[in-house]
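Derivation of every value follows stated rules applied to the coordinates shown; laboratory data play no part. Values in this document were obtained by computation on a predicted structure and should not be read as measured data. Using ideal geometry, Cβ is built from the backbone for each residue, glycine included, and neighbour counts are taken over all protein chains shown.
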Amino acid sequence: MLRVAFIGLGAIGAPMARHLAHPDFDLVVWNRTRAKADAFAAATGARVANTPAEAARDRDVVVTCLPVSRDVQSLFDGPDGLLATLRHGAVLVDCTSGDGATSRQMAAQLAVHGVGFLDAPVSGGVAGAEQGTLTVMVGGDAATLETVRPVLERFGQRIVHCGPVGAGDALKAVNNALLAMHIWGTAEGLVALEKAGVRADVALEVLNTSSGRSNASMNLFPDRVLTRAFPRTFRLALLDKDVGIAAALARDTQVVAPLLQLTSELFRQAHRELGEEADHVEAVQVVERLANVTIRGRGAADA
Ligand code: NDP
C-alpha cells in the first residue's frame, strides 16, 4: 500500500485528493486552513496532519497543489517543514501550476536529502478533477514518474512526460496563456459584433461550427457569460500568474512574443481591477466595461 500525503485542499486540490482516499493508499492530508482538512477527513476517512512535516513523515509520495511554486518551497524549512521528515527515496509531486526556475531549485534542495521531485501541473479544471480525467504534464526523471504513476492515474486520465524538471510548468503556462488569449479575444469579438447588431448567441452558434472556435467559445461563453453565472472555479489571480510565467518563459528563451507580453499585461490589469477572488472568466467584464456593452444571449424579453 502506497503511503501518500496530499497538501493543499483548494478548489482543484480537494477533488484531486478525494481520488486518493482509496483502499490502495494510506492517505494523510494537510491544509493551511485546518477546517478544510477536517471537513475533507470527515467526508473521506483520510487522516489530518498538524504540520507539513507530520504529513510528510514516512510517506512514499507527497503531492502538493498550492497557488504558486514559492508557496510549496515555503513549506520546506524549519522544524515543521517538509525537509525535516521526508525520507530518502520519497518523491514530491508538485501539481501546482508552477514556474520552472523555482521547481529546479526545489528539485536540487530535495536531491540533497535523496528525495525525488516532479513538477506535475494539471489541466481539465475542477470538473476534470472531480471526474478523475485530468491531463497531468510531468517534468523530471522518467523512472521517478513510473514509481508515482499509480497515484497520478487516480486523478489523471492522460499522464504525459514532457521533459526535464520545469517542462511541465512551461507547457502548463503556455496552455493557460492560450486560454487567456481565447477568453479576451472572444470577448473583444463579441462586443464588436453586439455593437454591429449581431447578438452574442447568434455569433457563438456560427463561431462554434467555424474555425474561430475554442474551449472558451464552446463552453465558457455559453455556460458562464451568456448566463451571467460566472461561477468561481479558477481564480483570475491564478490565470494572471500563469500568463506571467508564459511571458517570462518567452523572455528567458529570447523569443519575440508580443502577443504573450500583451496578454500578460491585460490579465495583470484585470486581476488588479477585479481582485483576488474573481473567477478567470470575469476578465470578460473588463472588455465589456471598456466597450460599454454587455455580452448576453437572447434575453427573457426577446424569448
Ligand atoms: P485555491 O486558491 O482554490 O486553493 C489554494 C490552496 O493552497 C488552498 O488549500 C490554500 O490553503 C493553500 N495555500 C495558499 N497559499 C498557501 C501557503 N502560502 N502555504 C500553504 N498553503 C497555501 O487554488 P486552486 O486549488 O484553484 O489551485 C491550486 C493550483 O492548481 C494553482 O497553481 C492553480 O493555478 C492550479 N490549477 C487550478 C485549476 C482550477 O480549475 N482551479 C485548474 C488547473 C490548475 P487555505 O485553505 O488555507 O487558503
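Things worth noting here:
- The range 179-257 versus the range 1-53: alpha-carbon centroid distance in Å: 33
- Taking the Cα centre of the range 44-129 as reference, the dipole from Cβ charges on Lys and Arg (+1) and Asp and Glu (-1) amounts to some 120 debye.
- Qualifying trypsin sites (Lys or Arg not before Pro) for the range 6-93 [loop in DSSP, other Cβ within 10 Å: at most 15]: 32, 87
- Debye equation applied to the C-alpha atoms of the range 81-207, log10 I(q)/I(0) at 0.16, 0.22 Å⁻¹: -0.80, -1.19
- Between 0 and 90°, nearest 10: helix 100-112 axis offset from the chain longest Cα axis: 10
- Stokes-Einstein diffusion for the range 145-251, with the hydrodynamic radius set to the Kirkwood value over Cα pairs and evaluated at 25 °C in a medium of 0.890 mPa s, equals 152 µm²/s.
- Using the rule -39500 (n - 2.57) for each DSSP H run of four or more residues, divided by the residues of the chain, the 222 nm mean residue ellipticity is -14000 deg cm²/dmol.
- The C-alpha atoms of the chain define a longest principal axis, and helix 236-252 lies at about 80 degrees to it.
- Take the convex hull of the alpha carbons in the chain; its mean projected area over all directions comes to 17.1 nm².
- For the range 215-303, the fraction of alpha-carbon pairs in successive 10 Å shells from zero, as %: 16, 40, 30, 10, 2, 0
- Of the three principal axes defined by the Cα atoms of the range 113-176, the extents in descending order read 35, 26, 18 Å.
- Positive-end extreme of charge dipole, the range 212-303 - chosen from 262, 212, 292 (charges on Cβ): 212
- Acute angle (nearest 10 degrees) that the helix 142-155 long axis makes with the longest principal axis of the chain, alpha-carbon atoms: 60
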